[in-house]
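> Below is a structure I'd like to ask you about.
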Amino acid sequence: MHPLLLGPPVQIAYAVADVRDAAHLWAQRHGAGPFFVMEHIALSSVRHRGTPASFDHSSAYGQWGPLMVELVCDHTRGPSPVADVVGVGGTGLHHVAHMVSDLDEAARHLEHLGWPEALHATTPAGMAFAFHDAVDSLGHMIEIYESAPRLVAFYAMVAAAAVGWDGANPVRSV
């Protein structure tokens, strides 16, 4: 797999202390949004650095020009892919996400590049995603997930909400 086969980034994510507060700031400072908040996102299976784990997080998703921005708050007690990058309770750039056609093939490619799997998780709906540790060379994780209809529809909904958005109601619950 050639590096460009990951496709262009579709999302940039920042670790934050509070997703709602951060979303309000992003709307004010950057004109990004509106943001759609999911609290304590359910996962049916999680593996952190090869070991069964938990990953309790909340996220706010908004549009920032042509790119989705995710603001993620890590509630996990113990090791997590967010703490791996910014430390426990830290903030800053966490990951850049790519939609891929084959999650396993993309994961093998990232491993070959020297970016090991930091997290593999599956949602209750069966969508798998992974973070690969590129911190040493890029300063952040790389997230990959397959381009499933439900995920593509979510991205389209967030992007459509930003079209003509006047800044009102910048933070919304999903």
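> Which stretch or stretches of the range 37-69 have amide N atoms under 12 Å from the point lying 7 Å from Ala162's Cα along the Cα→Cβ direction?
Inside the label zone: 61-69.
> In addition: What order do you get for Leu138, Leu103 when you list them from fewest to most C-beta neighbours inside 10 Å?
Fewest to most other Cβ atoms nearby, the residues stand as Leu138, Leu103.
> Once you compute Rg and the Kirkwood Rh from C-alpha atoms, what is the Rg to Rh ratio for the chain?
0.95
> Another question, then. Give me the angle, in degrees from 0 to 90, between the Cα long axis of helix 149-162 and the longest principal axis of the Cα atoms of the chain, rounded to the nearest 10.
Taking the Cα atoms of the chain, the angle to 149-162 is about 30 degrees.
> Something else: Looking at the range 31-174 only, what percent of DSSP beta bridges run antiparallel? Nearest 5 please.
Here the share of antiparallel DSSP bridges comes out near 75 percent.
> I would also like to ask the following. Run the numbers for Arg172 and Ala148: contour at 0.36 nm per residue of separation, minus the present Cα-Cα distance, in nm.
So the extension gain works out to 6.3 nm.
> Another one. Could you work out the relative contact order of the range 7-165, using alpha carbon pairs under 8 angstrom and six or more residues apart, expressed as a whole percent?
27
> Over the range 21-119, how many percent of alpha carbon pairs lie in each 10 Å bin up to the one with the longest distance?
14, 39, 36, 11, 0
Every number in this text was worked out from the coordinates using simple rules, so none of it is lab data. Values in this document were obtained by computation on a predicted structure and should not be read as measured data. Here the Cβ is made from the backbone with ideal geometry for all residues, glycine too, and neighbour counts use every protein chain on show.
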